[in-house]
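Everything on this sheet refers to the single structure shown next.
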Amino acid sequence: MSIQLNGINCFYGAHQALFDITLDCPQGETLVLLGPSGAGKSSLLRVLNLLEMPRSGTLNIAGNHFDFTKTPSDKANSRFAS
C-alpha cells in the first residue's frame, strides 16, 4: 500500500499543527515518524486515518484519492456541472 501526501496543512482552531507536509512512501517501504513533543506526529497519523480533516492538500492512500483543496460546496457543484 503506497501513501502520498502533498501540501497537507492541518489546524486546531488558530493553531497550525501541520505545515505543508509532502511525502511519498511507496509500497513495501517503512516510514518512521520522529520528533519532539508537539511536532505534529500524532496529527499526521490522525490525518492519515481521516480522523482529522486538513484544510488543504491531497492524500493518496491505497489507491484512494482525497482532495482537501476543494470545499464541500465546490465538490457538490462539480458533480452537477455537465
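FYI, it's all coordinate maths here, none of it is from the lab. Small disclaimer: the values here were computed from a predicted structure and weren't measured. Note that we place each Cβ from the backbone using ideal geometry, even for glycine, and neighbour counts take in every protein chain shown.
Would you please classify the overall shape of the range 3-80 from the alpha carbon gyration tensor, given that a ≥ b ≥ c denote the square roots of the eigenvalues, rounded means a/c under 1.5, and beyond that prolate means a/b larger than b/c while oblate covers the rest?
Verdict is oblate for the range 3-80.
Just from its helices, what would the mean residue ellipticity at 222 nm be for the chain, if runs of 4 or more DSSP H residues each count -39500 (n - 2.57) and the sum is divided by every residue, rounded to the nearest 500 deg cm²/dmol?
-5500 deg cm²/dmol
Explain nothing, just the number: relative contact order of the chain, from Cα pairs under 8 Å at least 6 residues apart, as a whole percent.
Computed over the chain, the figure is 33 percent.
Fully extended, how many nm does the chain gain between N49 and Q16 (0.36 nm per residue separation, minus their Cα-Cα distance)?
Full-extension gain reported as 10.0 nm.
Based only on other Cβ atoms within 10 Å, what is the fewest-to-most ordering of L45, L34?
Final ranking by Cβ density, sparse to dense: L34, L45.
Say a site is exposed when it is one of the trypsin sites (Lys or Arg not before Pro), sits in a DSSP loop, and has at most 16 other Cβ atoms within 10 Å; what is then the longest site-free stretch of the chain?
1-54
What residues qualify as long-range amide H neighbours of F11, i.e. H under 5 Å apart, gap of 5 or more or another chain, H built at 1.01 Å from N?
HN-HN under 5 Å from F11: A17, R55.
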